[in-house]
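Data first, discussion second: the structure below is written as structure tokens.
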Amino acid sequence: MPNPPDYSWSVQAQQPVDYQVSMVQGLLDPSNSSLARACGADGVRKVRCLVVVDDVVDELYGDRFRDYFGAWNIEAAWQPAPGDETAKTLEQAVAITEAMSAMGILRRTEKVIAIGGGVVMDVVGLAASLYRRGIPYVRIPTTLIGQVDAGVGVKTGVNHGHHKNRLGSYCAPTTTLIDTEFLRTVEPRHINNGMAEIIKMALVKDADLFELLEIAMPVVDAGMMADRNPLSIEIIARAIAGMLSELEPNLWESVLERSVDYGHTFSPSLELRADPPLLHGEAVGVDMAICVALAHNRGMLSKEDTDRALRLMCAAGLPVTDAVFTAELVSEALRDAVKHRDGMQRIPLTTGIGSVRFVNDLTDDEIERGLDFVSQWAAEHREETA
Ligand SMILES: NC(=O)c1ccc[n+]([C@@H]2O[C@H](COP(=O)([O-])OP(=O)(O)OC[C@H]3O[C@@H](n4cnc5c(N)ncnc54)[C@H](O)[C@@H]3O)[C@@H](O)[C@H]2O)c1
Ligand SMILES: [Zn+2]
């Protein structure tokens with residue numbers, strides 16, 4: 001018999017991922033079966049689910065959700081949850097697992113339904129991945145960031161220390177249902193916030209989307225994004241399609257060169273340190289502006305495209321500078337990003353509108369010159385940055 005250390009087993013397995021992301025019109029209309037099917041309901045047999053709903057969304061749409069669940073014979077345990085960034089904590093995720101426990105949710109057949117913005121998507125996703133090591137959940141994103149980004153991928157997370165999403169998991173929903181009608185009540189600042197992630201997708205891979213955004217931005221507001229007009233639908237659908245085509249081949253981030261990390265190199269360390277606070281998309285906006293300047297200063301992005309990119313961010317109401325993005329803190333943030341990206345910078349920089357290249361040799365001096373470029377640009381375009 002060999003000694004125990006001489007025994008060796010190799011275990012290999014693959015986990016299939018299969019989920020649907022759908023744009024749905026009239027999600028809360030009882031004649032629309034999309035949500036009922038996502039809950040496993042047929043209207044005859046009683047089914048149960050746990051609804052975790054952003055408390056603002058509960059105020060605005062709770063009665064319509066309750067009517068819908070009633071019409072489909074779905075017994076919904078109701079768990080309102082705070083939906084702002086300060087509530088994106090491990091304690092909140094644990095509180096949601098306790099609600100699962102309190103209702104005695106069945107491990108495979110009963111679903112958790114997450115309804116709200118990116119915060120509720122991320123916290124409920126983490127809770128669902130923790131509870132009994134993973135139970136099925138459905139996402140119904142109700143903000144623009146939720147609909148084009150946080151609601152469509154497989155990442156979950158909560159903030160920890162000063163850092164965004166420091167604790168998290170990969171856990172695919174069973175279904176994501178997107179009804180743009182929810183956007184009608186989203187505050188203007190949060191529409192702008194979502195625009196940051198759409199501009200990101202345009203900059204890294206979709207020049208046509210960029211042109212659509214240039215046309216649409218002067219008339220963008222919550223009502224316009226909620227209406228199913230051809231322009232707003234195309235903008236949202238292109239952003240989702242672009243995001244999914246980047247995520248699908250690399251769901252677990254085995255490749256750390258991710259173009260969707262554009263604008264997410266420096267911001268994850270600085271978003272929570274800004275005073276007054278920055279929304280996620282606003283911090284991404286400042287990071288993108290720095291990256292546009294870095295690409296310009298390296299001769300990778302023409303002056304004309306640099307102006308177009310910065311102009312579009314300003315037209316979307318996004319900041320391009322912020323006091324917390326000092327040269328020192330941006331350099332420090334880059335050092336943390338290097339750890340996140342396993343020892344290399346892997347910074348996506350635009351090589352034109354709609355394409356990126358990854359760089360690994362950014363210097364502190366370049367960061368300083370990039371910040372100077374954006375400050376000077378903002379000073380010369382005061383009426384646009386106002
Ligand atoms: N997991 C991912 O891949 C991913 C991607 C992008 C962003 N995120 C995360 O998403 C979060 C930001 O999401 P967010 O911008 O949706 O913020 P949020 O969830 O805080 O929602 C913003 C505000 O809108 C309110 N709200 C939600 N729906 C509404 C509606 N229909 N009408 C009126 N008010 C409504 C909320 O109560 C909240 O006050 C960040 O934490 C970010 O890190 C995650
Ligand atoms: Zn983001």
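What follows is calculated from the coordinates using simple rules that are stated; it is not laboratory data. Not measured: the values here are computed from a predicted model. No Cβ is skipped: glycine too gets one built from the backbone with ideal geometry, and neighbour counts run over all protein chains shown.
For this structure, a couple of remarks:
- Modelled spin labels at ASP361 and ALA379, positioned 7 Å past Cα toward Cβ, are 3.1 nm from each other.
- When only alpha carbons are used to place a centre, segment 367-381 and segment 1-75 end up 46 Å from one another.
- Our summary gives segment 1-158 a relative contact order of 22 percent, counting only alpha carbon pairs under 8 angstrom and 6 or more residues apart.
- Cα pair count fraction exceeding 42 Å, expressed as % - the chain: 14
- Normalised radius of gyration (Cα atoms, divided by 2.2 N^0.38 Å) for segment 180-248: 1.04.
- Between ARG45 and ASN229, the simple spin-label model (points 7 angstrom out along Cα→Cβ) gives 4.5 nm.
- For segment 141-258, the ratio of Cα radius of gyration to the globular rule of thumb 2.2 N^0.38 Å stands at 1.08.
- A straight Cα-to-Cα reach below 20 Å connects LYS164 with the lysines LYS88, LYS155, LYS200, LYS339, residues fewer than 8 places away in its own chain not being considered.
- Value of Rg/Rh across segment 20-185 [Cα atoms, Kirkwood radius]: 0.93
- In sequence order, calculated HN-Hα J values of segment 159-166 (Karplus, 6.51, -1.76, 1.60; Hz; x Gly/Pro): 7, 8, x, 8, 9, 5, 6, 5
- Sparse-neighbour loop sites [trypsin sites (Lys or Arg not before Pro); segment 18-111; at most 13 other C-beta within 10 Å; DSSP]: ARG45, LYS46, ARG107, ARG108
- Of the chymotrypsin sites (Phe, Trp or Tyr not before Pro) found in segment 1-101, those that fall in a DSSP loop while having at most 13 other beta-carbon atoms within 10 Å are TYR7, TRP9.
- Beta bridges per DSSP with both ends in the chain, % antiparallel, nearest 5: 25
- Whole-angstrom gap from segment 300-363 to segment 186-222, using each part's C-alpha centre: 18
- Relative contact order, percent, the chain [alpha-carbon distance under 8 Å, six or more residues apart]: 13
- If both residues of a DSSP beta bridge must be in segment 20-185, then about 15% of such bridges are antiparallel.
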